[in-house]
Amino acid sequence: MRCFAGVDIGSTAIKIVLIDEAEEIRAYKITPTGSHFHRNTLEALDALLEDSGIRREEVLYITSTGYGRKLFKEADETVSEITANAVGALRAGGACGRIRTVINIGGQDSKVILLDDDGHVSNFVMNDRCAAGTGRFLEMAARNLEVGVDELGEYHLNCRGAPVVINSTCTVFAESEIISLLAENHDRGEIIAGIHHSIARRTLRLAKRIGIEEKVLFDGGPALNRGLVAAMEDELMREVVVPDLPQITTALGAALVAKEAFISRGEDIHV
Ligand code: ADP
């Protein structure tokens, strides 16, 4: 088999996607980034190849992206996460119609990307200065509430009361606010729904700086949280498309870029 790899080294998780010549996903892996970016990425790639039975020589081209992309020397090229996210989102959300806005929430940042009629990036805006409104904020909240980050969605969807209003716009103050709410015996689901709405409102404010156009795709690890998706739809007052594997969209985009780059070098993948 001939494959192309997209390696997305995020602040929180390394995502690797292997696609074949027909651009089908053959294997993928998500693993914590940790502090040894390069070693952990190499180990993740080796493990993915081993688990999928794909040999290293079958991977014709590797494109890396994300926060730590430049540290992965084995990559044939690097691409910005804005480009990779846009390419991946167009592919992952394509079945739902043309994607014009991508909202990505990652471990430590959030961004909104606008795409034109041809699927090119026409504008983008990013918040990478503050952990509020990111995956890290959700992890902090989950820890304080003693629930798993993967359980937040269920708590939100099963909650019957109104979301608690979270006033703090800073992670540190929000943490104290959550602890106070727990001490006042507020329902966990209502607090969690409040946190999701606070993140969604923050994201909406970010998006409004460049505008929002239909259709909107929401991706990144936090898009796995169905409660956050519901809050996002509520605050945006429109439906959002969430791909089946929202955390690997950017890595998928990088793999598609890898295939294009390989072909544009004049290499024939069918020999
Ligand atoms: P980055 O690319 O910046 O490393 P990701 O897009 O991988 O970030 O998202 C990481 C975040 O996704 C985590 O901080 C966490 O909040 C969230 N997350 C990861 N797995 C899940 C899950 N199963 N359910 C809900 N949220 C999750």
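The values are calculated or read from the model by the stated rules, or taken from the named source; none is laboratory data. Model, not experiment: these values are computed from the prediction. Virtual Cβ from ideal backbone geometry, glycine too; neighbours counted across all protein chains shown. Ligands, DNA and RNA are excluded from the accessible area calculation, which covers all protein heavy atoms including side chains. Shrake-Rupley method; radii C 1.70, N 1.55, O 1.52, S 1.80 Å.
Please indicate, with yes or no, whether at least one residue in the range 155-165 is outside the structural domain of residue 195 (by TED's automatic domain parsing) and loosely packed, with under 14 Cβ neighbours inside 10 Å. No, every residue in the range 155-165 fails to be outside the structural domain of residue 195 (by TED's automatic domain parsing) and loosely packed, with under 14 Cβ neighbours inside 10 Å. When the range 69-116 is filtered for residues that are open to solvent by less than 10 Å² (accessible area, probe 1.4 Å), under 18 Å from residue 258 (Cβ atoms) and more than 15 Å from the chain's Cα centre (by Cα), only 72 remains. Taking the criterion of being open to solvent by less than 10 Å² (accessible area, probe 1.4 Å), more than 12 Å from the ligand (Cβ to nearest atom) and not in a strand (DSSP E or B), the residues of the range 198-235 that qualify are 200, 203, 207, 231, 232. Contact map, the range 247-271: residues that are closer than 15 Å to residue 8 by Cα and at pLDDT 95 or above paired with residues that are in a helix (DSSP H, G or I) and of a type in the set (Asp, Glu), Cβ distance under 7 Å, separation 6+ or inter-chain. Pairs shown: 250/81. The single condition among (1) within 18 Å of residue 87 (Cβ to Cβ); (2) of a type outside the set (Gly, Ala, Ser); (3) under 20 Å from the mean Cα position of the chain (by Cα) that residue 225 does not meet is (1).
Among the residues in the range 169-192, are any within 16 Å of the ligand (Cβ to nearest atom), acidic (Asp, Glu) and over 19 Å from residue 240 (Cβ atoms)? Taking every residue of the range 169-192 in turn, at least one turns out to be within 16 Å of the ligand (Cβ to nearest atom), acidic (Asp, Glu) and over 19 Å from residue 240 (Cβ atoms). In summary, residue 192 fulfils each of the numbered conditions (1) in contact with a Pro (Cβ under 9 Å, 6 or more places away or on another chain); (2) assigned by TED's automatic domain parsing to the domain that holds residue 31 with the single exception of condition (2).
Within the range 236-257, the residues that satisfy the criterion of being within 16 Å of the ligand (Cβ to nearest atom), open to solvent by less than 20 Å² (accessible area, probe 1.4 Å) and closer than 21 Å to residue 135 by Cβ are 240, 243, 246, 248, 249, 250, 251, 252, 253, 254.
Residue-by-condition table, conditions (1) in contact with a helix residue (DSSP H, G or I) (Cβ under 6 Å, 6 or more places away or on another chain); (2) without any contact (Cβ under 8 Å) to a residue 60 or more places away in the chain:
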position: 146; (1), (2): no, yes
position: 167; (1), (2): no, yes
position: 191; (1), (2): yes, yes
position: 197; (1), (2): yes, yes
position: 212; (1), (2): no, no
position: 220; (1), (2): no, no
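The set of residues in the range 5-22 that are more than 16 Å from the ligand (Cβ to nearest atom) and within 20 Å of the chain's Cα centre (by Cα) comprises 5, 18, 19. The residue of the range 23-32 that is farthest from the ligand (Cβ to nearest atom), among those that are free of Cβ contacts under 8 Å to residues at least 40 places away in the same chain and within 22 Å of residue 136 (Cβ to Cβ), is 29. Among the residues of the range 132-151, those that are open to solvent by 30 Å² or more (accessible area, probe 1.4 Å) and near the ligand (Cβ under 10 Å from one of its atoms) comprise 136, 139, 149, 150, 151.
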